[in-house]
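Laboratory data are not the source of any read-out in this text; all were calculated from the coordinates shown. Just so it is clear, the model here is predicted, and its values are computed rather than measured. Virtual Cβ from ideal backbone geometry, glycine too; neighbours counted across all protein chains shown.
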Amino acid sequence: MRSILIGLLLAVAVAAPAAAQTSPAAKPADEVKRIVEQTYNVQVLRVTEAALEDGTAVYKVAAMLPGTAGNAAFMVNTLTVDPETGLTLPPFRHHAAGYSLPQGGSYEPNRTSNNPAVARGHTWR
């Protein structure tokens, strides 16, 4: 059960820094916080308004797993939530020719200056 919850939280985590206005039919942030906490058994740290790449208004919800989640205890994930339903959105969009992944973020390994392997010119893969 924990691994399913962790997988779900990681699957819906998206990083999109754009800000947006919510629609008139949108649920208030307090109600979205309550829905996410009850649905996923997490503690919501922050709810902010944002927009997807196509301009669709969403909420970005920072959620922390409880201390009883084993190795994933206190792990924080950002969920993208539909403001009208309070349900999480997938991190990718389906298109006729496949799907698109969310934009932003770096997936290159060992690119930090604190990593001694980078200072030696070696990148682990």
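Quick notes on this one:
- Shape class of segment 19-91 from the alpha-carbon gyration tensor: prolate, with a/c at 1.5 or above and a/b greater than b/c.
- Protection proxy ranking, peptides 38-48, 52-62, average beta carbon neighbours within 10 Å, highest first: 52-62, 38-48
- Site pair Q38 and F74 shows an inter-label distance of 2.9 nm when each label is modelled 7 Å from Cα along Cα→Cβ.
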